[in-house]
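Student: One structure, as structure tokens, below. Some questions next.
Since every read-out is calculated from the coordinates, none of them should be taken as a lab result. The structure displayed is predicted, hence computed values, not measured ones. Cβ atoms come from the backbone with ideal geometry, glycine included; neighbour counts cover every protein chain shown.
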Amino acid sequence: MKLIVSALFIIFLEFIVSNVNAALMRGTMSKIAKYIDYTPEQVDLFVTFKTIYKKKYRDNNEEAIAVKNFINNVATIDSQNEKFRRGETKFKTAIWINSDMNRLDFLESFTGYVGKPMKRLYKTKYRRDKNLPKYLNYFEDGFVTKVSNQRYCGSSWAFATIGALEAQFARKTGVLRKLSEQNLIDCDRSFDYSGNRGCKGGNMRIAYEYLIKTGINAENIYPYRGKGKYNCNFNSSLSLGKVYDFVEIERKNETALMYALYHAGGPIAVAIDASDPAFQNYQSGIYDFPECVNEPNHAALLIGYGFDYSFTPPAAYWLLKNSWGVEWGEKGFFRISKDANNLCNIATDASYPIVA
Ligand SMILES: *[C@@H]1O[C@H](CO)[C@@H](O)[C@H](O)[C@H]1NC(C)=O
Ligand SMILES: *[C@@H]1O[C@H](CO)[C@@H](O)[C@H](O)[C@H]1NC(C)=O
């Protein structure tokens, strides 16, 4: 019985998700004074959005800002999807729960990567005569935990670090365990801004240095709170182990990145430029915005690569896990064009930990 109920619930959920955008596009007529600047269609769309995502705004001012952001995002979404229909781009966008945030607020709340000069480079000699597989997906291989949501905290650096470490521990122990991002946010912190800064951003290589010295707790004993204001609560007697060293992959070289991803036996933490407003509303496909060339501002977990044969010619992609919840992108994952001149700087700061 329980099974049937949960199966029905899943079907119901899928029904809701697949109908959200259709419903958003239909809407019903409504006229409210505070929406005076907008057409009835725009107002309907926003009211439907509010209803579907159960949005609550503190007051009319906050709501007026939300409508403005939402309408701007809808324009971005419409123009991106039009490009997709014309075959000029390989990804689609959609309204989602954070389509009422403007670009700068969104970036401040949902990214959190700070670049640091590299200390050393990837030196390991890999056998390059070996043919790499055409398709790699560490999620399917069981080395990647489910998608999280960093929630208004610039902690993407912690999610990328932890994602890479989870796989290396899983390879060592045979068990995939969710590790604690909050542990890193609270404990790997420097108050003079020379190192990581909790919800205000950080860098994976600094995090490995903490993990080399200290160790890490599991998520279940040190759960995520999405805030940077707590004291360190690391329990060394419950540490799951330390990091022994880490590998930094040759900068801006996607071939080196592909070899490293395969030979690491698990995901690689990468930094990307996530500043394009269409990326905020990415829904599916291969992100291929040609002007994705700014310095990275977001960290994510590279978990695979492949070709998408629904495009002619087949399109090469990198597969990544994001930390914006499952409502964003392809159930929380996304794809970026591969071998496209280091698009979004995906190969500019890539690294993974080694466990003893
Ligand atoms: C750490 O965990 C151990 C084992 O559960 C427990 O006995 C101890 O009190 C914990 N220490 C702290 C500081 O919470
Ligand atoms: C990129 O990395 C590959 C694989 O290690 C190497 O063969 C190639 O020479 C590198 N390319 C450049 C431009 O350094």
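Student: Only residues that are within 22 Å of the chain's Cα centre (by Cα) and surrounded by fewer than 17 Cβ atoms within 10 Å (Cβ to Cβ): list them for the range 54-71, please.
Tutor: Initial filter on the range 54-71 (within 22 Å of the chain's Cα centre (by Cα)): 69-70.
Once the filter is applied, which keeps residues that are within 22 Å of the chain's Cα centre (by Cα) and surrounded by fewer than 17 Cβ atoms within 10 Å (Cβ to Cβ), the range 54-71 yields nothing.
Student: Output the residue which, of all residues in the range 234-255 that are outside any helix (DSSP H, G or I) and of a type in the set (Val, Ile, Thr), is surrounded by the most Cβ atoms within 10 Å (Cβ to Cβ). Working first, answer last.
Tutor: As a first pass, look at the range 234-255 and keep what is outside any helix (DSSP H, G or I): 234-235, 239-253.
Now restrict to residues that are of a type in the set (Val, Ile, Thr): 243, 247, 249.
Numbers: Val243: 25, Val247: 20, Ile249: 28.
Applying the filter and picking the extreme gives Ile249.
Student: Glu209 passes all but one of (1) of a type in the set (Asp, Glu); (2) in contact (Cβ under 8 Å) with a residue 40 or more places away in the chain; (3) away from ligand 1 (no atom under 16 Å from the Cβ); which number fails?
Tutor: (2)
Student: Also: Quick check: anything in the range 276-292 in a loop (DSSP other than H, G, I, E, B) and farther than 30 Å from Ala75 by Cβ?
Tutor: No, the range 276-292 contains no residue that is in a loop (DSSP other than H, G, I, E, B) and farther than 30 Å from Ala75 by Cβ.
Student: Which of (1) away from ligand 1 (no atom under 16 Å from the Cβ); (2) over 20 Å from the mean Cα position of the chain (by Cα); (3) of a type outside the set (Gly, Ala, Ser) does Asp273 not meet, given it meets every other one?
Tutor: Against the list (1) away from ligand 1 (no atom under 16 Å from the Cβ); (2) over 20 Å from the mean Cα position of the chain (by Cα); (3) of a type outside the set (Gly, Ala, Ser), Asp273 comes up short only on (2).
Student: Check whether at least one residue in the range 164-185 is assigned to a loop (DSSP other than H, G, I, E, B), touching a Leu at 6+ places or on another chain (Cβ under 9 Å) and not basic (Lys, Arg), and report yes or no.
Tutor: Kept after step one, since they are assigned to a loop (DSSP other than H, G, I, E, B), are these residues of the range 164-185: 174-178, 180.
With touching a Leu at 6+ places or on another chain (Cβ under 9 Å) added as a condition, the list becomes 177.
Filter once more, keeping what is not basic (Lys, Arg): none.
The answer is no, given that none of the residues of the range 164-185 is assigned to a loop (DSSP other than H, G, I, E, B), touching a Leu at 6+ places or on another chain (Cβ under 9 Å) and not basic (Lys, Arg).
Student: Related question: Given the criteria touching a Leu at 6+ places or on another chain (Cβ under 9 Å) and away from ligand 1 (no atom under 16 Å from the Cβ), does Gly228 qualify? Walk me through it before giving the result.
Tutor: Details: touching a Leu at 6+ places or on another chain (Cβ under 9 Å): no; away from ligand 1 (no atom under 16 Å from the Cβ): yes.
When the stated conditions are applied, Gly228 does not pass them.
Student: Residues to consider are Ala278, Ala260; find the one that is within 16 Å of ligand 2 (Cβ to nearest atom) and surrounded by fewer than 24 Cβ atoms within 10 Å (Cβ to Cβ). Working first, answer last.
Tutor: Values: Ala278 fails: within 16 Å of ligand 2 (Cβ to nearest atom).
Step by step, each of Ala278, Ala260 is checked, and only Ala260 is within 16 Å of ligand 2 (Cβ to nearest atom) and surrounded by fewer than 24 Cβ atoms within 10 Å (Cβ to Cβ).
Student: While we're here: When you scan the range 198-205, do you find a residue that is over 22 Å from the mean Cα position of the chain (by Cα), buried (at least 24 other Cβ atoms within 10 Å of the Cβ) and in a strand (DSSP E or B), even just one? Don't jump to the end; show me each part of the working.
Tutor: The initial filter retains those residues of the range 198-205 that are over 22 Å from the mean Cα position of the chain (by Cα), namely none.
No, the range 198-205 contains no residue that is over 22 Å from the mean Cα position of the chain (by Cα), buried (at least 24 other Cβ atoms within 10 Å of the Cβ) and in a strand (DSSP E or B).
Student: Looking only at the range 149-168, how many residues end up being surrounded by 23 or more Cβ atoms within 10 Å (Cβ to Cβ) and out of contact with any Pro (no Cβ under 9 Å at 6 or more places or on another chain)?
Tutor: Summing the residues that are surrounded by 23 or more Cβ atoms within 10 Å (Cβ to Cβ) and out of contact with any Pro (no Cβ under 9 Å at 6 or more places or on another chain) in the range 149-168 gives 9.
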